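Data block below; observations after.
The values are calculated or read from the model by the stated rules, or taken from the named source; none is laboratory data. The model shown is predicted, which means the values in this text are computed figures rather than measured ones. Positions of Cβ are generated from backbone atoms using ideal geometry, with glycine treated the same way; all protein chains shown enter the neighbour counts. These area figures cover heavy atoms from the full protein model, side chains too; ligands, DNA and RNA do not enter into them. Shrake-Rupley method; radii C 1.70, N 1.55, O 1.52, S 1.80 Å.
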Amino acid sequence: MTDNPPGYELADRMALTEPGQVKAIGHPLRTTILQLLHERAATVTELAGAVGRPKSTVAHHVDVLARNGLLQVVATRKVRAIEERFYGRTARLFYVAAEPSPAGGEATGDFNDFEVAARESAPAFAEGELWGFIRHARISRDQASEFWARMAELVGAFDRLPRSGETTYGFAIGIYPTDHPALPPAELGVEGDVGVGDPAALDAVPEVVAADLGALGLLQHIDRGVALGEAADDVVLGART
């Protein structure tokens, strides 16, 4: 168990400014390798065993990540006269900041974390083991950025949790603009309205929350005493694993 994984020196954040770097993290196997190295440094042999792929395949993807500055050699050891390299991440968090090339080409687009989360969370949903909320709030971009900064701290805390137990849990957060409908400003003082400062508002809150959770199919989790949570994306758009 690592008390403060991954147990080697690395930066907290790294901006991906080159299209090649963005492309490097766009492959699902390379993303998995980066996620595994959140726990500790590992050799190509260990990584190949963990993902169930040939060493030659994993070595190729490790080389792509290293050439693009996402991986580093953090230790070596001799095994029967052969030097074995332990690879680690160069940062806890990668975020996309690539710009169009001088020639006028577009930067490589980032991939959607929620698409990945939706695919890998499907079995947990089927088994009633998916914990999550989704909320909508009409706020400013500055407020969204401020909220994400707080969530980014939570991501860092999740990454630093001591590794133990038998199950690897996924943790997906994000914040994004939508075309979700919004109410007009409230008209206070209108008879029958529940407005700010109206004691009736406090009585209405539990029923509103219960109705919202019921619509999401989450009340069963609350009845079992399961803690639920989800949240939001980055002040730097495109925060990455």
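Quick look at the values:
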| read-out | value |
| --- | --- |
| Pairs where the first residue, in region 27-43, is in contact (Cβ under 8 Å) with a residue 24 or more places away in the chain and the second is among the small types (Gly, Ala, Ser) and crowded, with 20+ Cβ neighbours inside 10 Å, C-beta under 9 Å, 6+ apart | Arg30/Ala24; Ile33/Ala42 |
| Selection within region 158-170 - open to solvent by less than 80 Å² (accessible area, probe 1.4 Å) and within 12 Å of the chain's Cα centre (by Cα) | Phe158, Asp159, Gly170 |
| Out of Gly7, Gly20, sole residue that is assigned to a loop (DSSP other than H, G, I, E, B) and in contact (Cβ under 8 Å) with a residue 24 or more places away in the chain | Gly7 |
| Tally of residues being of a type in the set (Ser, Thr, Tyr) and more than 22 Å from Leu10 (Cα to Cα) across region 46-99 | 2 |
| Count of residues meeting criterion [open to solvent by 80 Å² or more (accessible area, probe 1.4 Å) and not basic (Lys, Arg)] in region 141-157 | 5 |
| Near pairs, Cβ below 6 angstrom, 6+ apart or cross-chain, from region 124-136 (over 14 Å from Tyr169 (Cα atoms)) to any residue that is at pLDDT below 85 and open to solvent by less than 60 Å² (accessible area, probe 1.4 Å) | Phe133/Leu228 |
| Residue in region 23-30 that is within 17 Å of the chain's Cα centre (by Cα), within 21 Å of Gly156 (Cβ to Cβ) and in a helix (DSSP H, G or I) present | no |
| Subset tally (residues that are of a type in the set (A, V, I, L, M, F, W, C) and on the phi > 0 side of the Ramachandran plot) for region 6-37 | 0 |
| Filtered residues of region 63-83 (kept if part of a strand (DSSP E or B) and more than 17 Å from Tyr95 (Cα to Cα)) | Gln72, Val73, Val74, Ala75, Thr76, Arg77, Lys78, Val79, Ile82, Glu83 |
